[in-house]
1. Among the residues of segment 46-59, what is the count of those that are surrounded by 12 or more Cβ atoms within 10 Å (Cβ to Cβ) and either farther than 23 Å from Thr25 by Cβ or not charged (D, E, K, R) (or both)?
2. Restricting to segment 65-75, what's the tally of residues that are surrounded by 12 or more Cβ atoms within 10 Å (Cβ to Cβ) and free of Cβ contacts under 8 Å to residues at least 24 places away in the same chain?
3. Among (1) surrounded by 12 or more Cβ atoms within 10 Å (Cβ to Cβ); (2) at pLDDT 80 or above; (3) not basic (Lys, Arg), which single condition is Glu28 missing?
Amino acid sequence: MKIQHGIEPRYDTFGEIFLNGGRYTLAEQLAAIALQKPYFLYDYLVALSFGEHFFSFCHEVKVQLEALKQQQQSQKTEKAN
């Protein structure tokens, strides 16, 4: 897991969620959907991909906001000196 600008994300990608603790839950959900309601499997995978994109986007926004905040603080300290 990468740490950028002092912000430690819980997981960077869906793959890391799968590898770092969510593997049994995800595997159980995929198996249950595939066996019981296979017509929902595509929709489930699409929802997962949208979720991954959303969390990735939120992480990028947090990193950018933190960088902007640090930049503004450094400008304030420069003006004070």
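The values are calculated or read from the model by the stated rules, or taken from the named source; none is laboratory data. Keep in mind that this is a model prediction, so the values were computed, not measured. Counting neighbours? That spans all protein chains shown, and the Cβs are built from the backbone with ideal geometry, glycine included.
1. 5
2. Total meeting the criteria: 1.
3. (1)
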